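The values are calculated or read from the model by the stated rules, or taken from the named source; none is laboratory data. No experiment lies behind these values; they were computed from the predicted model shown. Positions of Cβ are backbone-derived with ideal geometry, glycine not excepted, and every protein chain shown enters the neighbour counts.
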Amino acid sequence: MRWIFAGVPLVALSAYFGWAYLTLYQLDQALRDQDVAVLNELVDWDSVGYRLEEDLHGLFGGPGEDSDEDLSVTEALLGLFSNLLVGPIADFYASPEGLAYLLNAQIILENPQELLDAEFPEELSWYDHISVAYPTGPASFRAHIVYPENEQRALNGNPLVLELWFRDFHWQLAAVDLPLDALQTDLDGDK
């Protein structure tokens, strides 16, 4: 009888976090099927866009840097350019098509014009590259997507981190954390 009382919470906890894995699978299927209605249920677009905007400002050097430092004219122009560029890029990646590109590690930063012409990528393989997924709290879950370094991807073997939060009685993708060091190295190499 004691085993039943000890096993019930373990089964309930396993089912709860197993649901997060199921959400990742459903997200993969919705992206493959280009099912925007399902994606709208599985993704908190505002939260994803906000987090991407923060990451991109960190990458391009926008708001959030120390304001006590004297900026050169070049740095000030770069900050202004960052403010103009980051919004549209974050808005694109916080959309069904953009999320498909982002999760597939086909990150477009050099030519923003490409964002306007982008459609769903033909091949999606991000789900196969989840290296680790784990709970980070009672209502949060993380999954790391790692592509091998030999593939021609923007991440260079660094993880793209997905954060799922439990809200409104279901798991939702709430953030995609970019590996800023890898992207900065990639941008510096293009100069």
Worksheet item: Of the numbered conditions (1) modelled with pLDDT of 90 or more; (2) surrounded by fewer than 17 Cβ atoms within 10 Å (Cβ to Cβ), Gln152 satisfies every one except a single condition; which is it?
Response: (1)
Worksheet item: Restricted to region 131-149, and to residues that are surrounded by 15 or more Cβ atoms within 10 Å (Cβ to Cβ) and either in contact with a Cys (Cβ under 9 Å, 6 or more places away or on another chain) or assigned to a loop (DSSP other than H, G, I, E, B) (or both), which residue is modelled with the highest pLDDT?
Response: Val146
Discussion item. Let me spell it out: the conditions are (1) hydrophobic (A, V, I, L, M, F, W, C); (2) at pLDDT 85 or above; (3) surrounded by fewer than 20 Cβ atoms within 10 Å (Cβ to Cβ); (4) under 23 Å from Asp33 (Cα atoms), and Leu99 meets all of them except one. Which number is the exception?
Written reply: (3)
